[in-house]
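See below for the structure under consideration.
The values are calculated or read from the model by the stated rules, or taken from the named source; none is laboratory data. Since this is a predicted model, take the numbers as computed values, not measurements. All Cβ positions, even for glycine, are placed from backbone atoms using ideal geometry, and neighbour counts span all protein chains on display. For accessibility, only protein heavy atoms count, side chains too; no ligands or nucleic acids. Shrake-Rupley method; radii C 1.70, N 1.55, O 1.52, S 1.80 Å.
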Amino acid sequence: MHVLITGGTGLIGRHLSHRLLASGDQVTVLSRRPAQVGNLCGNGARGIANRVELGDEQVDAVVNLAGAPIADRPWTAKRKAELWASRVSLTERLVAWIDQRSEKPATLISGSAVGWYGDGGELPLTEDSAARPAYTHTLCDAWEAAARRASAHGVRVCLVRTGLVLAPGEGFLKRMLLPFRLGLGGRLGSGQQYMSWVHLDDEVGIILHLLRHADLKGVFNATAPNPVTNREFTSTLAATLHRPAIFPVPALVLKAGLGEMATLLLMGQNARPARLQEVGYRFQFSQLDQALKDVVGEH
């Protein structure tokens, strides 16, 4: 099939592109750096700077992964506007483009995050669970609502609520590794907040599963079946690196340094991939120690 990927030069998009190309699919990546798409996303991936460049060319599926990083700088009013524009506004424009096409893609798989649930505490969260008020819920809910509108045009819509993605040398783990390698790591705040994680291979595998099964639609939690608390995560990471984890970071320090963005680290979601398991997706990495050994154990 011909798949258009937005945000295709990011962590998930690059690996998804390589997997699609290896399967014989055609990949087009919408990017601000179209000349770099071939190097980043694999030989054969086509980079475009504007959807207009596609003309009337058939597109079978769209995978919408665009979005400015949510945890790289404090949530000032300006940064919140950027986060909204890169997720909600971009998705609204994408759906408007779909509406204008005479031959519409059959499928839209659109990114979201487990932050949709807000601070879930210890309660197990499935796709049917309600959310608690939080900035992340407001952002993700509007993001999902924009994508859902494509269903009015006869497009199958899948919403992927992704957890923390474990990847070698990239993603959120990259920031954690140095202090943990130096033996300076530890829990954040109380350490009781849940961390719903997913290995990069499974994140890509989930998207491919949704692409290949035309009967699937709606919300899917892209998280491994066994979420852990922050205390468990940090102790497992330290053990994988053969280091102690004895330097906790108090919640007050995080709030003082990061402001509102500290809620990303201090609240959690005990999210479970109920629907993915119901539809037969088989996780390659379901246990955290197994996933961390694969990601950082040999590096």
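In degrees between 0 and 90, to the nearest 10, how far off the longest principal axis of the chain does helix 172-181 point, with axes built from Cα atoms? Long axis of 172-181 versus the principal axis of the chain: about 30 degrees. Only helices enter this figure: runs of n ≥ 4 DSSP H residues, each worth -39500 (n - 2.57), summed and divided by the residues of the chain, yield -10500 deg cm²/dmol at 222 nm to the nearest 500. Note on the range 4-86: the alpha carbon radius of gyration divided by the globular reference 2.2 N^0.38 Å gives 1.18. Residue by residue, the range 230-243 carries 3J(HN,Hα) couplings of 4, 4, 5, 4, 5, 5, 5, 4, 4, 5, 4, 8, 6, 10 Hz when phi is fed to the Karplus relation 6.51 cos²θ - 1.76 cosθ + 1.60 (θ = phi - 60°); x denotes Gly or Pro. Dipole magnitude for the range 142-299: about 280 debye, using +1 per Lys or Arg Cβ and -1 per Asp or Glu Cβ, origin at the Cα centre. Computed on protein heavy atoms with a 1.4 Å probe, the accessible areas place T28, T9 in the order T9, T28, largest first. Based on protein heavy atoms only, the range 74-119 ends up with 42 Å² per residue of surface accessible to a 1.4 Å probe.
Distance between the modelled labels on H242 and R33, one decimal in nanometres: 3.5 nm (7 Å Cα→Cβ projection). In the chain, the DSSP beta bridges split such that about 10 percent are antiparallel, to the nearest 5.
Dipole check for the chain: with +1 at the C-beta of Lys and Arg, -1 at the C-beta of Asp and Glu, and the Cα centre as origin, the magnitude is about 660 Debye.
Restricting the GluC sites (Glu not before Pro) of the range 85-164 to loop positions (DSSP other than H, G, I, E, B) with no more than 11 neighbouring Cβ atoms within 10 Å leaves E103, E122.
What is the list of residues in the range 28-42 whose amide nitrogen lies under 12 Å from a point 7 angstrom out from the Cα of E170, following Cα to Cβ? Output list for this probe position: 40-42. Full extension of the chain segment joining V279 with T126 gains 53.7 nm, where the gain is 0.36 nm per residue of separation less the Cα-Cα distance. Relative intensity of the chain on a log10 scale, I(q)/I(0) at q = 0.06, 0.07, 0.08, 0.10 Å⁻¹, equals -0.19, -0.26, -0.34, -0.54, per a Debye sum over C-alpha point scatterers of equal strength in the absence of solvent. A probe of 1.4 angstrom, applied to the heavy atoms of all protein chains, finds K293 with accessible area near 120 square angstrom.
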